[in-house]
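Rule-based calculations on the coordinates, nothing more; no lab input. What you are looking at is a predicted structure, and each value in this text was computed from that prediction instead of being measured. With ideal geometry, Cβ positions are generated from the backbone for all residues, glycine too; neighbour counts draw on all protein chains shown.
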Amino acid sequence: MYYRIYLGTTEITDNKSNFSMYPNPSSSQVKIKSSLGGQFKIINQLGQTVKSFNATATIETTVFVGDLSEGMYFVQGTDGASEKLMIKK
């Protein structure tokens, strides 16, 4: 009896986002600058989209977040990568 063992490699991808945002934490608005642009979503801890907006590549976009409850959210970009956003009141 013998066994064949196959070894292989898988590609490791960097899931770093292609956008930046500030200030974080925020109470009223955040500014987002993206190298890709496109549709963005703000997602609550339950996985629900609470806000969506479009951003143009390389142009800073201001997003009003003053209507969101205090807590932790995720901003998800077109590429699927996300960044944590804290809302403080």
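Numerical summary
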item	result
Tally of residues being loosely packed, with under 12 Cβ neighbours inside 10 Å, within 13 Å of Phe74 (Cα to Cα) and among the polar types (S, T, N, Q) across region 22-48	2
Residue selected from region 67-81 under the condition more than 14 Å from Gln48 (Cα to Cα) and of a type outside the set (D, E, K, R), by the criterion surrounded by the fewest Cβ atoms within 10 Å (Cβ to Cβ)	Gly80
